[in-house]
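Right, one structure below, let's go through it.
The values are calculated or read from the model by the stated rules, or taken from the named source; none is laboratory data. Since the model is a prediction, treat every value here as computed from it, not as a measurement. Positions of Cβ are generated from backbone atoms using ideal geometry, with glycine treated the same way; all protein chains shown enter the neighbour counts. Remember, those area values only see protein heavy atoms, side chains included, never the ligands or the DNA or RNA. Shrake-Rupley method; radii C 1.70, N 1.55, O 1.52, S 1.80 Å.
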Amino acid sequence: MLVLVLLHAVVAAVVLSATRLRGTVAAALGIAVFAATAVTAALQGIGSDVPATQSWDWVPDLGLQLTTRLDGFAVVMVLLVSVIGAIVLAYSASYFEPGPTRVRFTGLFIAFAGAMTGLVAAADLFTMFVFWELTSVCSFLLIGLNDRSASARNAALRALLVTGAGGLCLLAAVILLQVAVGTTDLAELGSRSPAGAMVTTAAVLALTGAFTKSAQFPFHFWLPGAMAAPTPVSAYLHSATMVKAGIVLMARLAPVFGDLAVWRWLVVVCGGTTMVLGGLRAMRQTDAKLLLAHSTVSQLGFLTILVGLGIPGATYAGVAHLVAHAVFKAGLFLGVGAIDHATGTRDIRRFSGLGREMPQLAVMMGLAAASMAGVIPLLGFATKEKALVALLDADAGAATVVALVAVIGGSVLSTAYSMRLMRGLFATDHRVIDPEHVHHAPGGWLVVPVGLFTVASLLGGLLADAVGGWLQAPARSLDGVEHSSLHLWPGLNLALGISLAIVAVGAVIGWRVPDEVAASPVRVSGEQIFQRLFDGLLTGSKRITVVTQSGSLLAYLAVVMAIVAGVLVAAIVTDPLAGFDELTWSDGWMQLVVAAFAVVFAAAVIAVRERFVAALLIGGVGFACAVLFALYGAPDLALTQILVETLTIVVFLLVLRQMPRGFDAPPAWAPRVVRVVISAGVGITVAAFAVMVSAARTAPSVGETYAELSLPEAGGKNIVNVILVDFRGFDTLGEITVLGTAALGVTNLVRMARRRRRTASDAATAAAVAEAELS
Amino acid sequence: MNALLGLPLALPLLGAALTIVFRSSSVQRAISFVSLLGALGASIGVLVHLAIEDDIVVSRLGGWPAAVSITLVGDRLSALMLVIAGALLVIVLAFAIGQRAADERSPFYHPAYLVLAAGIGQAFLSGDLFNLFVAFELLLMASYVLLTLEGTDAQVRSGTTYVVLNVVESMVLLTAVGLVFAATGTVSMAELPERLAELPDGVQTGLHLLLLVAFGIKAAVFPLFFWLPDAYPTAPSSVTAVFAGLLTKVGIYCMIRVETLLFPGQGSTLLLWIAGLTMLIGVFGAVSHVEMKRILSFHIVSQIGYMVMGIGIGTELALAATVFYLVHHIPVKASLFLVQGLVERETGSTALDDVGGLARRSGPLAVLFLVPALSLAGLPPFSGFLAKFGLARAGFDAGQHVVVVAALLASLFTLVSMTKIWMAMFWGDPYPDVAEGRVGVLRHHPLMSSTTALVIVGTVAVALVAGPLFDYCTGAAAQLIDPGIYRAAVLGS
Amino acid sequence: MNASLVVVIAVLFGTGTYLLLQRTLTRIVLGVGLLGNGVNVLILATSSRAGDVPLVGRDDTTDSVPQALILTAIVIGFAITAFLLALAWRNWTIDGDDAVEDDVEDRRVAKARQRVVTDVPDHEDVTP
Amino acid sequence: MIGRRSTILDQVDRMLFPLIVAVAIYVTFRGHNAPGGGFAGGLITGAAFVLRFLSGGALRVRRSVVTHPTTLIGIGLFVAVATAVSPLFVGDALLESTIWIPDVPLVGEVKLVSSTFFDIGVYLLVVGVILTVIVALGADPLHAELMGDGSEEVEP
């Protein structure tokens, strides 16, 4: 499978980079890839006992490898992804106008399908995470396909951020499992039955990731927003495939973590809430596509409960319903897309008599909706029936009771909104004053795919026993348990009764509840939470940035110098006044006098208000230091210091002669007391630390070695000079390079200033000339 | 092998001297390329040797005994840094020439660039603390010249911030180095660990922290980073690319040396705090600002936090991940600034409000942005993901959960600010208005676009060969974690 | 170490820092100059004792190494000062003032009202 | 320039300039055994140019050397770096010092230490730096604008 995923990527890249490619050719390429994938998966996966595995060691040191394993469940998922993908791609060829957008769509679509294939075939959690994030990115780009629309852009961003945040949770889970268990291989994890606080945390994190991707409460809100994408995108990503990624993850992990109470309750509560809430929301939509979106949310809640619980029968029902849902929901989306294409609207309040205008579509979508509603003899009935049986049979913990209640409630609603959708789209409604009509009949490629999905729903239901038999292996590959099959006619039992009651009650509600009531506001939303968090991030980070990034050099300097003083305080307090006992007063009265001069000059520099005087005073400090050096036994140093100091004064004077004489006093940056405290702090701490350090010397200086080597090895008596040109000649090389570079910088600054002044005056002259000519 | 070690610094210096003398720009270009390619070749030679032999190459300058001479020390870390820096320097030089910005306007671009290259090389190789200070001065002085090369008012203003802050940094570093010598009587980095360990606690703390402050300013960690986002955005993008890619990394490199060689200890809570704050506050700045260069500059800061985190965790795995992070981050960050240069050339602006719809205008440009942007945000399968994965793994391994959570959050926020650029500049109505499908900059500046693409291919390659590369980094970390190896290699056991 | 040099070090670092925290760039350069001298005295005073000139053959000489280090530092210090002065001059040519200005973009961000980036219609109820 | 041009300074410059340069060269070459060296020598030569600047302004300084002042920096740096690099070609380490004693006709044996070349490089570079800085910052702004900027280096 890895190779096929790579093939997806390559074809996608080719399509995206070949801008002149015709849309149909691109679509054909994609369909070919999907077909190849499906065939390979079928050949490799069906009937073989040992799943085909492919693996690439990515970073062995981190234990990272990409591994795919085609077990039963993976085969089903890969087939779903590639078959539905091929159909939707064929549909999209008629849906989009020819042009660059269509090609871009096709390329991204293929890339997405590749990522999804990798995700469902992943054999370990790490691989799954990698493809997981790739699907997020592709969906971001696909939702934003119509990037000129602000709502599409923002919906794309939301989807990316919510699923991206979930992805990070999953990442954390992957690493935690790696650290705690030592493997992220799904089969291995199951066999080791890990436990512990870290494992529990990982389980909850992984579940959170799954919830974001599969739009579970409270992360459900991004999914309806994503309907800003073109319909084929919605049909594929947001009903059939990507949103199932979370379900796949839960299906894989439920056998491992299903016994954890926190896992079970999270699944039941969030899944149940999502199922009911999604159903309620779907009831008050007037846009057919949004109705379907909310119904998808609701159905995902259903699937979450089924596969997340990790109860054998429920898992099987979950797998079956996953297939059923993918088939009927894709058909419904494509049907709505075809209607949209033909009439230019999706508002169910604006249709009347469409059923007569488009009878085939009405029949097909009606069958698909019936499957969604759970009407016999469609596939949706068989799977829902199976789910009820499983939940009824489960040992009656409180969690299963809650799950059962939520499933029944949610199912009633799904029948109701199915009914509402069909009535709104196709029924003749005389209240509609100016109904939309078919402007141009949808082309065959817009209708045939809907038909294919409908036929699948119908056949799946009629042949439920056979289909159910095929689905036994996939479910077994998840939890290793043998499952009883689906049935078209399960026989008279409690589940059937409930089932029939659901359909009856739901149909009545769906038929009876008027739009006005349905549209009454029910607002509980994770969306506001997201919005608040996002706004909070923006305002909060701005607040922080305004404080830290004041833009003032002086503030930055103050912080740096205060930190310098601070770290030295930290050092000094560990051993206060160390080394002070070794202090002598001075090395002679000369030194004392010169030191006094240095101090006075330095103090004068901060006191004077004239530039020239300050420059001369700092020269005075330099000369005083030179004398201090000479007195210390460093004539080389003194000589160089005097020469350099002289030169410094010259440069100072050269620059200062052009500036005003005095320092004007711009507004002080901070109260004087702050500046004085920082300065005094730096001075005192540096000096105190210097005393401490000078008393701490433990080993002799390397200078002694230099002294020994200087004459015999380097042929020089002046050790300092020998060090400079010989022992440490490399320092000197660096130093003169610095000096030369600085000179280049100086001359460059001056040149550029002149050039700018000249161009400015040229511009001024040109402007003056132009003005003169005009007048 | 030992002779090779000198070339990465000597050749650029020689080139710098020649480019000062010869001022014709074609001659200057030829000299620059030859010397930088030579330096790169030598670095690759060293790297290959180390990848096979797993030892440490030492060159004693002047041929003096180890205790006396300044040594150049090439271990796995420094060789890797040299190669990446060398490659980036060559490619960005080509970009700058394609950009026809800086080097046409001043004959001092090439000399300063080569001095910068020499300084960076010297900083990676020097085995002598005072010589390291000199290396810093080399690269700083060259960076001052490069940052103010065009001498615009904006450059002079922000250049002032940059220069003054870094001059203060130099003072702190010089004080620290001087005091280290005062306490130990040597500046040889091979001899220092032993002698520093004998010092009283207070002295050790003070010297340690002073060095960290100095290198922290250079690396731009919280709370010493403020100068960076103000200073970097005004330079031409080719200059910023090198600064962003390499200069802060020199600071990180030195912090690694301080923490593993001079004051070895397994991790540091202080650094973890700094790391967390650096990541988050840096990314907050990126979220707040509305100009591409600024946003990217804040990201430099934020990303530095990750590397500090690795140093702070301090285990072998963490160090390996940090080294890998360096390898990943240098080309990614540089390429983003190069892309920014392309955007600026295409539209004339980098303010988010002034530009829109670039993806429609030029799909390839959008891809050039998207790949490094996603990598920076840490999304798979790009190199940034692996780098972050390594660090997060090391953090959980060491039980440092809090900082890992901060790191994951920071990467989410990074994604937020990258999408901010994407949504504002690449999506939406094309603006400034031009016909769809026009590919201006990529067609008319093939050198700029191909070099940018080359760097991005490099970032993708980092992800592809991550296995062997991480293996090498683990070897580098093994050399780092035991200072005895360094000491034995330099002084002879 | 002796107390008179300790006082010199303290004063040079203190006054240097004080001058750094000024708005006038020339004074900042002066501060850097004072700091530079302070560092040089610090290195010499902490790492060696006063003595005779370090020539081969003399007794009781002072340590030669700090002198070599400081020599390098002096030259680098001159290079920095020269460049800073040129920068100060160039700053002055912009508007006849060598005061350090705050960063323009930072102030702009600080002043700008928080823009509402997410002007999304509520997808729950609105037809896209 | 600062103050008016002075004939006395002019004369002093004429007399002292060669003398100072001679002293500087002496200082450069004796450095291995006594205080001095290329650096001090370069600075002293620089002082001579400062004197010339005081007497005749930047233009006169600029005219007293044939090349660009920056070229002098380049040459100096090249000499120093080349000296440092040359041992690599005979398999020694960077900066390893060598002593040549070539037999020059008429003069006899001459002792050449490689560090001498290093010092020459340093000397040239320091002189170049001082010249560059004086010429750049010393140019009279008024003069520059009226006379077409004599100190502006000419592009090749």
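Data for the structure
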| item | result |
| --- | --- |
| Members of region B:414-423 found to be more than 7 Å from chain A (Cβ to nearest Cβ) and either surrounded by 22 or more Cβ atoms within 10 Å (Cβ to Cβ) or more than 28 Å from the chain's Cα centre (by Cα) (or both), listed by number | B:414, B:417, B:418, B:421, B:422 |
| Selection count, region C:84-107, where residues are of a type in the set (Asp, Glu) and in contact (Cβ under 8 Å) with a residue 60 or more places away in the chain | 1 |
| Helices (runs of 4 or more DSSP H) wholly inside region A:296-407 containing at least 3 residues that are buried (at least 24 other Cβ atoms within 10 Å of the Cβ), assigned by TED's automatic domain parsing to the domain that holds residue A:444 and more than 33 Å from the chain's Cα centre (by Cα) | A:359-373, A:379-393 |
| Residue that is most open to solvent (accessible area, probe 1.4 Å), among those in region A:218-264 that are closer than 16 Å to residue A:159 by Cβ and aromatic (Phe, Trp, Tyr) | A:219 |
| Considering residues of region B:337-353 that are in a helix (DSSP H, G or I) and modelled with pLDDT under 85 only, the residue nearest to the chain's Cα centre (by Cα) | B:345 |
| Criterion violated by residue A:581 - all others in (1) within 59 Å of the chain's Cα centre (by Cα); (2) surrounded by fewer than 17 Cβ atoms within 10 Å (Cβ to Cβ); (3) in the same structural domain as residue A:638 (by TED's automatic domain parsing) satisfied | (1) |
| Of all residues making up region B:176-196, the number that are open to solvent by less than 10 Å² (accessible area, probe 1.4 Å), in a helix (DSSP H, G or I) and within 9 Å of another protein chain (Cβ to nearest Cβ) | 8 |
| Total residues in region B:361-378, condition part of a loop (DSSP other than H, G, I, E, B) and either touching a Ser or Thr at 6+ places or on another chain (Cβ under 8 Å) or within 30 Å of residue B:266 (Cβ to Cβ) (or both) | 1 |
| Region B:150-164, residues that are in a helix (DSSP H, G or I) and either of a type outside the set (Val, Ile, Thr) or within 9 Å of chain A (Cβ to nearest Cβ) (or both) | B:153, B:154, B:155, B:156, B:157, B:158, B:159, B:160, B:161, B:162, B:164 |
| Number of the condition not met by residue A:680 [criteria: (1) touching a residue at least 12 places away in the same chain (Cβ under 8 Å); (2) outside any loop (DSSP other than H, G, I, E, B); (3) surrounded by fewer than 22 Cβ atoms within 10 Å (Cβ to Cβ)] | (1) |
| Condition met for residue B:320 (of a type in the set (A, V, I, L, M), in contact with an Asp or Glu (Cβ under 8 Å, 6 or more places away or on another chain) and open to solvent by 10 Å² or more (accessible area, probe 1.4 Å)) | no |
| Residue within region A:10-21 that is assigned to a helix (DSSP H, G or I), closer than 26 Å to residue A:72 by Cβ and open to solvent by 40 Å² or more (accessible area, probe 1.4 Å) present | no |
| Among residues of region B:448-491, those that are closer than 23 Å to residue B:58 by Cα and of a type in the set (Gly, Ala, Ser), counted | 7 |
| Answer residue from region C:57-78, given it is buried (at least 24 other Cβ atoms within 10 Å of the Cβ) and among the small types (Gly, Ala, Ser) and is farthest from residue B:160 (Cα to Cα) among those | C:64 |
| Test result for residue A:150, more than 7 Å from every other protein chain (Cβ to nearest Cβ), aliphatic (A, V, I, L, M) and open to solvent by 10 Å² or more (accessible area, probe 1.4 Å) | no |
| Helices (runs of 4 or more DSSP H) lying entirely in region B:65-144 (those with 3 or more residues that are open to solvent by less than 10 Å² (accessible area, probe 1.4 Å), at negative phi and not charged (D, E, K, R)) | B:76-99, B:109-125 |
| Residue ID - surrounded by the most Cβ atoms within 10 Å (Cβ to Cβ), chosen from residues in region A:683-736 that are at the interface with chain C (Cβ under 9 Å from one of its Cβ atoms) and not in a helix (DSSP H, G or I) | A:728 |
| Listing of helices (runs of 4 or more DSSP H) fully contained in region D:7-99 that carry 2 or more residues being more than 23 Å from residue A:646 (Cα to Cα) and small (Gly, Ala, Ser) | D:69-89 |
| Any chance residue C:73 is within 8 Å of chain B (Cβ to nearest Cβ) and without any contact (Cβ under 8 Å) to a residue 40 or more places away in the chain | yes |
| Tally, over region D:102-125, of residues that are within 7 Å of chain A (Cβ to nearest Cβ) and modelled with pLDDT of 85 or more | 4 |
| Single residue of A:594, A:600, A:621 found to be of a type in the set (Val, Ile, Thr), open to solvent by 40 Å² or more (accessible area, probe 1.4 Å) and assigned to a helix (DSSP H, G or I) | A:600 |
| Residue that is under 19 Å from residue B:412 (Cβ atoms) and either assigned to a helix (DSSP H, G or I) or open to solvent by less than 10 Å² (accessible area, probe 1.4 Å) (or both), where the choices are A:145, A:141 | A:141 |
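Here is a yes/no grid of residues against (1) within 19 Å of residue A:329 (Cα to Cα); (2) surrounded by fewer than 18 Cβ atoms within 10 Å (Cβ to Cβ):
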| position | (1), (2) |
| --- | --- |
| A:443 | no, yes |
| A:454 | yes, no |
| A:458 | yes, no |
| A:462 | yes, yes |
| A:470 | no, yes |
